[in-house]
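This report refers to the structure that appears directly beneath it.
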Number of protein chains: 2
Amino acid sequence: MNSPSISERGLQTPESPIRKLAPYAEEAKNKGINIFHLNIGQPDISTPTEFFDAVKNFKDTVIAYGPSNGLLQMRKNMKEYYHRNGYKHIDISDILITTAGSEAVIFSMMAVASPGEEIITLEPFYPNYNGFASMAGIKLIPVATNPENGYHLPDRKLIEEKITSKTKAILYCSPNNPTGTILTQQEIEIIADIALKNNLFVLSDEVYREFVFEGQHVSSLSIPEIEDRAVMMDSLSKRYSVCGMRIGTIVSKNKDVMDTVLKFGQARLCPPTLEQHAASAIVASGDKYFDKMLKEYNKRRDTIYDYLNDISGVFVKKPKGAFYMMVTFPVDDIEKFSRWLLTDFQVDGNTVMLAPGPGFYKTEGKGKQEARIAYVLNCDDLKRAAMILKQGVEVYTSKKVNVEV
Amino acid sequence: MNSPSISERGLQTPESPIRKLAPYAEEAKNKGINIFHLNIGQPDISTPTEFFDAVKNFKDTVIAYGPSNGLLQMRKNMKEYYHRNGYKHIDISDILITTAGSEAVIFSMMAVASPGEEIITLEPFYPNYNGFASMAGIKLIPVATNPENGYHLPDRKLIEEKITSKTKAILYCSPNNPTGTILTQQEIEIIADIALKNNLFVLSDEVYREFVFEGQHVSSLSIPEIEDRAVMMDSLSKRYSVCGMRIGTIVSKNKDVMDTVLKFGQARLCPPTLEQHAASAIVASGDKYFDKMLKEYNKRRDTIYDYLNDISGVFVKKPKGAFYMMVTFPVDDIEKFSRWLLTDFQVDGNTVMLAPGPGFYKTEGKGKQEARIAYVLNCDDLKRAAMILKQGVEVYTSKKVNVEV
């Protein structure tokens, strides 16, 4: 007899789109080629010293379970952080500490939608939303945005026409991964209004809330009309360069949602204890860390933008936030181009790795000319990466013309 | 308009059964009463010094993402651990590092069953299986065991008659939480045979695998016939007293299962990085830590067992593993009795907190005379707790007779 077959849910869960290229990157490395990783969102900026100090000064002799909603001190410090940001109506009881933004998103999705129900989200989107939706048995319904207007909110009719009796929420991310777009006050208000008129939850992924270079971040928590239905998902990973720490939050004034995510939290017992102690210390240290970091990322944004903009045939709008941009390349199939960069191209032993656009779309055939670029390298490396990309585009497109002729 | 309603899944997820008593414990504490916590499985034994050394000696300046399947060193060290245990056929590719046993269980359940499908498990069981099943939309089908034969495997017919076209797996825990029962080689083979004959997966929760006082732990990994369908879920939490560390594993030779849990793992990015470094160090330090710990727990088991056995009307069989026992009390409603201990009873300012039996059963009405006792206190405290319990039973049962007359 054959082995039993895994679940339909397992089959439907997509593989990480970035992972598809991993074997080619591995091969390139084995050939001694240096890869500039523009494909991943792992910041290179040093974690605050407060993290390491707190870890070294940890006094308990047992690494014990903490409360399922998080250590009280951690929740208090997060409350202070949100108060500093102007959301003075947030109480400790509105905050659950999660095992990073990942858990914040899946718990929030599960709290508002059951298997078979639907959540609408703007496309392109963070690919792991697909994974979470598959795991939870939820149908993710994409609404397209487009490069030309900088991936901003489409006409509200395009969102409203996707709403069915099964729709439970609108999920959006601002500042956005992968586009870097910051939705305006007006846009958040339109989403809020749609949610109100159609009795939907609003799930806002604000893990890049500190990465704002122009304009202003508007939180779902700042819209009084949706206080009863806004669920904010947050993470310390990016803003303190602690991606491996795995500490995030869910924030909502909706008591049913908070009771529900607490029940999910009880099932998994607690987020990591020592990490919460350390996270608590960095949040208590205030927001000064962000200033220097933002200055650095802003410089990087300008650098990579200027160089990319200079490549013939490339289209990119300068995004206002996060540390990503979606870039449209003069190629038919970005996955082939990205693979080619790894397998067949190099400049003095260096090449570049991109995150191909289709991984950020659910709609078949979309994103085939786009790639996400994460500017988490220093400016010198970004310049070198952009120069390689420029030459790569030139060689690939001319080669291609030859092939096609 | 009212707020949108949370998901049916959220409504169906049970609250932690232990949490129901929490407000009464809180009240007792506010009255200055000391509570001996026999209700929770948080060991008091010191975490190995290797954990703290590794944390202090961590050299990276960035707490970065690790691989989704876990740090390579961690996986290597776990492989060595399983080899030391005799499972020499386990390769690194058969191991995924999880964010504790909790994630190991929910990923495994999700990998084998889709929403609406069924998993059979022995009752009483670890209450969070209920939470995970609700989150995953899976139906958990209990098969009763009973106190008289020490909660051992029931007649195989009783298991087989629960199998439907929707059944995907048999899930069991040995050494068992909450009963302390260790399933014998023969019993594991019966489960294996049922799984083979009915094309089911075998999910074995072995987080207490080191807590064996008599007899032997038999892993699902040691039964060659089910190599293609056994999924072992493990955790370092209890055996190294690192419950707040949140590091566990999924181990399986079934490639589809491993590919699937890796996809789930990619969605949530990675387990905590620093914790994996520290976990890696404690696993590398070998198994000496267990000897001392086991000796201590064995003493505790004997102590609490002798005292409980001495209480008139109490029924308890001495379990062979884990650090729990299920105890049958001469009361009609264990939840009322447990509450009464907190609200109306004390001996010199002390009382005892139990984990009421019904929380460990899915079948309505079951476990009403039982409570789970965790012997994670030192022997002196256990003696005092048992003495209080003895007096409590005497007062409660005589009082009850009075009330009923």
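The values are calculated or read from the model by the stated rules, or taken from the named source; none is laboratory data. Keep in mind it's a predicted model, so treat the numbers as computed, not measured. A quick note on method: Cβ atoms are made from the backbone with ideal geometry, for glycine too, and the neighbour counts reach across all protein chains shown.
Some values worked out for this structure:
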| read-out | value |
| --- | --- |
| Residues of segment A:192-213 satisfying the condition of being within 14 Å of chain B (Cβ to nearest Cβ) and aliphatic (A, V, I, L, M) | A:ALA192, A:ILE194, A:ALA195, A:LEU196, A:LEU200, A:VAL202, A:LEU203, A:VAL207 |
| Selection from segment B:20-56 of residues that are among the charged types (D, E, K, R) and touching a Lys or Arg at 6+ places or on another chain (Cβ under 9 Å) | B:LYS20, B:LYS56 |
| The listed residue being outside any loop (DSSP other than H, G, I, E, B), under 21 Å from the mean Cα position of the chain (by Cα) and farther than 24 Å from B:ALA111 by Cβ, out of B:GLU187, B:GLU214 | B:GLU187 |
| Identity of the residue in segment B:282-291, in a helix (DSSP H, G or I) and either touching a helix residue (DSSP H, G or I) at 6+ places or on another chain (Cβ under 6 Å) or surrounded by 24 or more Cβ atoms within 10 Å (Cβ to Cβ) (or both), that ends up nearest to the other protein chains (Cβ to nearest Cβ) | B:ILE282 |
| Condition broken by A:ASP60, with the remaining ones in (1) among the acidic types (Asp, Glu); (2) in a loop (DSSP other than H, G, I, E, B); (3) touching a helix residue (DSSP H, G or I) at 6+ places or on another chain (Cβ under 6 Å) satisfied | (3) |
| Which listed residue is in a helix (DSSP H, G or I), of a type in the set (Phe, Trp, Tyr) and either more than 12 Å from chain B (Cβ to nearest Cβ) or in contact with a helix residue (DSSP H, G or I) (Cβ under 6 Å, 6 or more places away or on another chain) (or both), from A:TYR87, A:TYR81, A:TYR129 | A:TYR81 |
| Residue within segment A:292-311 that is assigned to a loop (DSSP other than H, G, I, E, B) and of a type outside the set (Phe, Trp, Tyr) present | yes |
| Selection from segment B:105-126 of residues that are under 23 Å from B:GLY41 (Cβ atoms), within 12 Å of chain A (Cβ to nearest Cβ) and either surrounded by fewer than 23 Cβ atoms within 10 Å (Cβ to Cβ) or not polar (S, T, N, Q) (or both) | B:VAL105, B:ILE106, B:PHE107, B:MET109, B:ILE119, B:TYR126 |
| So A:GLN266, is it without any contact (Cβ under 8 Å) to a residue 40 or more places away in the chain and assigned by TED's automatic domain parsing to the domain that holds A:MET78 | no |
| Every pair of residues 6+ apart whose Cβ atoms lie under 9 Å, when the first sits in segment B:179-206 and is under 24 Å from B:ILE247 (Cα atoms) while the second is among the basic types (Lys, Arg) and in a strand (DSSP E or B) | B:THR179/B:ARG372; B:PHE201/B:LYS168 |
| Failed criterion for B:THR99 (all others in (1) out of contact with any Pro (no Cβ under 6 Å at 6 or more places or on another chain); (2) within 13 Å of another protein chain (Cβ to nearest Cβ) hold) | (1) |
| Filter result for B:ILE40 (outside the structural domain of B:PRO175 (by TED's automatic domain parsing) and within 30 Å of B:ILE141 (Cβ to Cβ)) | yes |
| Conditions (1) closer than 27 Å to A:LEU377 by Cα; (2) free of Cβ contacts under 8 Å to residues at least 40 places away in the same chain: number failed by A:ARG75 | (1) |
| Flag for B:LYS76 being in a loop (DSSP other than H, G, I, E, B), within 23 Å of B:LEU221 (Cα to Cα) and either within 11 Å of chain A (Cβ to nearest Cβ) or at pLDDT 95 or above (or both) | no |
| Unique match (being surrounded by fewer than 20 Cβ atoms within 10 Å (Cβ to Cβ), of a type outside the set (S, T, N, Q), at pLDDT 95 or above and closer than 27 Å to B:TYR82 by Cα) among B:GLU161, B:GLU210, B:GLU206, B:GLU187 | B:GLU187 |
| Residue check for B:ALA279: in the same structural domain as B:GLU227 (by TED's automatic domain parsing), small (Gly, Ala, Ser) and under 22 Å from B:SER219 (Cβ atoms) | yes |
| Unmet criterion (only one of (1) part of a loop (DSSP other than H, G, I, E, B); (2) over 25 Å from the mean Cα position of the chain (by Cα)) for A:ASP53 | (1) |
| Test: B:LEU71 is of a type outside the set (Gly, Ala, Ser), at pLDDT below 95 and either crowded, with 19+ Cβ neighbours inside 10 Å or not assigned by TED's automatic domain parsing to the domain that holds B:PHE345 (or both) | no |
| A:THR99 vs. criteria at pLDDT 95 or above, polar (S, T, N, Q) and more than 25 Å from A:ASP259 (Cβ to Cβ) | no |
| Considering residues of segment A:268-281 that are surrounded by 24 or more Cβ atoms within 10 Å (Cβ to Cβ) and of a type in the set (A, V, I, L, M, F, W, C) only, the residue farthest from the other protein chains (Cβ to nearest Cβ) | A:ALA279 |
| Tally of residues being crowded, with 21+ Cβ neighbours inside 10 Å and either at the interface with chain B (Cβ under 8 Å from one of its Cβ atoms) or closer than 19 Å to B:THR273 by Cβ (or both) across segment A:240-260 | 12 |
| Selection count, segment B:7-32, where residues are in a loop (DSSP other than H, G, I, E, B) and either within 14 Å of chain A (Cβ to nearest Cβ) or surrounded by 18 or more Cβ atoms within 10 Å (Cβ to Cβ) (or both) | 5 |
| Residue within segment B:34-41 that is within 10 Å of chain A (Cβ to nearest Cβ) and in contact (Cβ under 8 Å) with a residue 12 or more places away in the chain present | yes |
| Some residue of segment A:55-65 being aliphatic (A, V, I, L, M) and either outside the structural domain of A:MET135 (by TED's automatic domain parsing) or buried (at least 22 other Cβ atoms within 10 Å of the Cβ) (or both) | yes |
